[in-house]
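The values are calculated or read from the model by the stated rules, or taken from the named source; none is laboratory data. The structure displayed is predicted, hence computed values, not measured ones. Counting neighbours? That spans all protein chains shown, and the Cβs are built from the backbone with ideal geometry, glycine included.
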Number of protein chains: 2
Amino acid sequence: MSILVVGSVALDSVETPFGRAEEVLGGSGTYFSTAASFFADVKLVAVVGEDFPEEHTGFLKSRGIDLAGLQVAPGRTFRWRGHYGFDLNEAHTLETQLNVFEAFRPQLPPGYADTPYVFLGNIDPELQLEVLLQVIRPRLVACDTMNFWIDGKREALLKTLRYVDLLAINEGEARQLAGEANLVKAARRIMAMGPRIVVIKRGEYGVLMFTEHAVFAVPAFPLEDVFDPTGAGDTFAGGLMGHLAANDNLEESAVRQAVVFGSVMASFTVEQFSLERLKELSYEEIQDRYLKFRLLTEFGPAAD
Amino acid sequence: MSILVVGSVALDSVETPFGRAEEVLGGSGTYFSTAASFFADVKLVAVVGEDFPEEHTGFLKSRGIDLAGLQVAPGRTFRWRGHYGFDLNEAHTLETQLNVFEAFRPQLPPGYADTPYVFLGNIDPELQLEVLLQVIRPRLVACDTMNFWIDGKREALLKTLRYVDLLAINEGEARQLAGEANLVKAARRIMAMGPRIVVIKRGEYGVLMFTEHAVFAVPAFPLEDVFDPTGAGDTFAGGLMGHLAANDNLEESAVRQAVVFGSVMASFTVEQFSLERLKELSYEEIQDRYLKFRLLTEFGPAAD
């Protein structure tokens, strides 16, 4: 099954305690599509400026990503500049230049409307809703959002969430959206807004997934070298959706596996700047790290 | 197999967003012994003042804890006063009255010296070493410590650690002890100081355990009502050591199970103030929550 994703394609400038990168490939749509492309066919709906390097378009194409929905608009590509301290869980934004993203209206090319798996990346919830109006009965709709929209466009976000099956959201943002400090209660409140699967991203502490009758926890992979956490959340969502779409199975056990594949993909992304690690990644490495996640978390049943 | 524990027995006054408790039973030795007593025989070495309520001594006895090493000294019992905000991971100490604890020197009663499992609670590392000098070839020595000793008694602590098999320590303190922000590297450095098992406690995010060839991660149990996190770490250590001593098996798989039993015990402690939840806890509830931890964390192997 194929996946439609709407999100940002950006040029990022990032500084971490371990180095810096200037104007490298970034954006939620980019990380998501690249991660998902290891598992399933991906259609990317986004916008870049006329200055967007051909090399990056070439890379996305090389991953088999369908770029018919990637608009090239007059002007400059969206740019983000940020830095991380030793607490790699928190990005500090230094500068955001929306540029061509400011006037972006997602337009689905012919043939995109019946894509069964839809991911609404972290953009204005009004635009997320516009995408939903252009697709025909998708099998699964997943969504990301952030504090900026929870605060500033709450009504629009709540409207979008009514049509969302799976919300993948940061821990602090889950609390903010629900108005509740306790995560278990916060997840229940969010489920009452629409999503029947709430995936809470906790950075280096991993992920909690709430479904109607169960909770699933998976740790982040303990890494000796975390170079740049940018894009980890979007890569996670890409691996998750990619694996779901590839198997087209929405049972609890299949969603759990997909959450682990998402965690696997995120664990690779942070090992290098930008998408460098994903560029050289093989499917064998993904399978191998999935097995390592099993070894990391398994313990036996209690004796009677 | 039986366990010897040296630690504090205290009267705690605690305020959380959900309520307050005045002069209730607390202390690292208390939480540890109570948790461990569900699994194994426990000998408690500690000190209380003449004001220590008989009711509390009665409770510890009712748990089958051997109190021959519990000194009653002239003066008042150790007291701690603290509060927690909505971030229940962090205790804010308002007042510490050492009282009889100030002059405490651990004295092992006759028959204690050959206890096979030894837990050195979070006290002055010089006193921890005094305990080690009084025991004969224990099978396993575990230890806790804190920022106060890492800063103020580093040399004594490093000396103690040489004789320790298992260090159970908070995340921030692990980084401080190792002088290293990355936890994987920090754990390796701590292992070079002596312990061959490093258990890193991360509060509501669970536990990471490092052994020579493996890493094990277990989440904290997602709870709807966390009432009071006081004693969670000591209860965790008590469940861990209790289960290890009961099975007398130090293989990786057995230690992993013990870490989960520790997490089970901690998840109960935080549900009420002081030791209230442990007082009414049954072994069936422990077994049941262990099973829930399995359901919380399990996911299948990847398809080929």
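Some values worked out for this structure:
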read-out: Pairs with Cβ under 7 Å, 6+ apart, first in segment B:55-78 and without any contact (Cβ under 8 Å) to a residue 24 or more places away in the chain and over 15 Å from B:P109 (Cβ atoms), second of a type outside the set (K, R) and not in a helix (DSSP H, G or I); value: B:T57/B:L67; B:K61/B:L67
read-out: In segment B:262-286, residue surrounded by the most Cβ atoms within 10 Å (Cβ to Cβ) [restricted to those that are within 30 Å of A:F261 (Cα to Cα) and either in contact with a Pro (Cβ under 8 Å, 6 or more places away or on another chain) or of a type outside the set (A, V, I, L, M, F, W, C) (or both)]; value: B:G262
read-out: Within segment B:188-205, tally of residues that are at the interface with chain A (Cβ under 10 Å from one of its Cβ atoms) and in contact with a helix residue (DSSP H, G or I) (Cβ under 7 Å, 6 or more places away or on another chain); value: 3
read-out: A:K185 being part of a helix (DSSP H, G or I), within 14 Å of chain B (Cβ to nearest Cβ), surrounded by fewer than 20 Cβ atoms within 10 Å (Cβ to Cβ) and not polar (S, T, N, Q); value: yes
read-out: Close pairs (9 angstrom Cβ cut-off, 6 or more residues apart or separate chains): more than 16 Å from A:E298 (Cα to Cα) and in contact (Cβ under 8 Å) with a residue 40 or more places away in the chain in segment B:280-295, charged (D, E, K, R) and surrounded by 12 or more Cβ atoms within 10 Å (Cβ to Cβ) anywhere; value: none
read-out: Single condition A:F268 does not satisfy, out of (1) within 14 Å of chain B (Cβ to nearest Cβ); (2) in contact (Cβ under 8 Å) with a residue 24 or more places away in the chain; (3) closer than 29 Å to A:R81 by Cα; (4) in contact with a helix residue (DSSP H, G or I) (Cβ under 7 Å, 6 or more places away or on another chain); value: (1)
read-out: Filtered residue count, segment B:1-60, keeping only those that are surrounded by fewer than 24 Cβ atoms within 10 Å (Cβ to Cβ), part of a helix (DSSP H, G or I) and of a type in the set (G, A, S); value: 1
read-out: Top-ranked residue in segment B:212-222 [being within 12 Å of another protein chain (Cβ to nearest Cβ) and outside any strand (DSSP E or B); ranked as farthest from the chain's Cα centre (by Cα)]; value: B:H213
read-out: Members of segment A:223-243 that are in contact with a Lys or Arg (Cβ under 9 Å, 6 or more places away or on another chain) and assigned to a helix (DSSP H, G or I); value: A:A232, A:G233, A:F236, A:A237
read-out: Subset of segment A:74-90 (residues that are part of a loop (DSSP other than H, G, I, E, B) and either under 23 Å from A:V131 (Cα atoms) or hydrophobic (A, V, I, L, M, F, W, C) (or both)); value: A:P74, A:T77, A:F78, A:F86, A:L88
read-out: Checklist (1) crowded, with 17+ Cβ neighbours inside 10 Å; (2) modelled with pLDDT of 95 or more applied to A:A68, failing item; value: (1)
read-out: Some residue of segment B:250-257 being in a helix (DSSP H, G or I), closer than 30 Å to B:T93 by Cα, facing another protein chain (nearest Cβ under 10 Å) and in contact (Cβ under 8 Å) with a residue 40 or more places away in the chain; value: no
read-out: Filtered residues of segment A:161-179 (kept if more than 17 Å from the chain's Cα centre (by Cα) and either closer than 25 Å to B:M209 by Cα or more than 10 Å from every other protein chain (Cβ to nearest Cβ) (or both)); value: A:R162, A:Y163, A:Q176, A:L177, A:A178, A:G179
read-out: Selection within segment A:91-117 - surrounded by 12 or more Cβ atoms within 10 Å (Cβ to Cβ) and part of a strand (DSSP E or B); value: A:A91, A:L94, A:T96, A:Q97, A:Y117
read-out: Criterion violated by A:Q71 - all others in (1) assigned to a strand (DSSP E or B); (2) over 21 Å from the mean Cα position of the chain (by Cα) satisfied; value: (2)
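So that you can scan it fast, the table gives a plain yes or no per residue for (1) farther than 23 Å from B:V42 by Cβ; (2) in contact with a Ser or Thr (Cβ under 6 Å, 6 or more places away or on another chain); (3) surrounded by fewer than 24 Cβ atoms within 10 Å (Cβ to Cβ):
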| position | (1), (2), (3) |
| --- | --- |
| B:M191 | yes, no, yes |
| B:T230 | no, no, no |
| B:L240 | no, no, no |
| B:Q257 | no, no, yes |
